[in-house]
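*Asks:* Sending over a structure as structure tokens; questions will come in a sec.
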Amino acid sequence: ENIANGVGIFAFEASANEVYAVTAHCVGTKLPCQNYRLNRSALSAKKWTSGPIPGYSAGLELGLFGAYGSYVWLDVTQLGRVDTSHNDGKTFTVSLHRNFGSPGTCDLTATSESTLWARCPTGMMADFFYSRDGGVRWSTIPTGLYSNTGGGTFDPVSNTLAYLNYGQSVATPGLYRITGAGRHLVDVGKLPCASVESFLFSDEAHGLALCLKSAAASSAHLVQTSNGGASWHRVLAP
């Protein structure tokens, strides 16, 4: 479905009933882009409602980075600000978050109206954060050395559980289970891959990962675990 003519989509998110997109008008490589807008549509509808983003001023980098039910979160990176809406993006309240320290827009997964997980790039590395109060306060997840360029993958599963794959280019690659409101990391094993395209856990025990044995796309194959990442088995095509 077409959102609007002549715009670029900068961020996209879906909740159980709504889909959201941040759009803007850009001219070639000229920055900043203009007229950032928040667009939303019910999953059952075929048209988009578009409106200005409250408090936006030209030159700021914006990204929609979380949605759950009628709750929407916007990251205004340069100001260390997170704007929160409880009414599908019609109005927002503002909170400052100086501990993010990220030069780019953070990726956030909302697992409830109050629980948020954030992955924030810091260049070639990344930091991770957890909030249990809807983004008012954030605590740092003690992940240690993590490289954005090393094939690492982050997967929040629920309000109390996430998995982090460190990739292959760090000193101690491995798969870690994160619990205890982001405070505890446990090494649960290692994916049988030269690199990991993506992985997804449905609960603490069961997960799927798309693996590459080499740099060739033809080496991609799907593996699964039923014991929380301790062992993996290839999924064979029927």
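*Asks:* Around G51, with a cut-off of 15 angstrom between Cβ atoms, what is the net charge of the other residues, counting Lys and Arg +1 and Asp and Glu -1?
*Replies:* Combined, the nearby Lys, Arg, Asp and Glu give +1.
*Asks:* Order these peptides, 222-232, 116-126, by their mean beta-carbon neighbour count within 10 angstrom, highest first.
*Replies:* By packing density, highest mean first, the sequence is 116-126, 222-232.
Taken together, the values in this text are just the output of simple stated rules run on the coordinates, not laboratory data. Keep in mind that this is a model prediction, so the values were computed, not measured. Cβ: placed from backbone, ideal geometry, glycine included. Neighbour counts: every protein chain shown.
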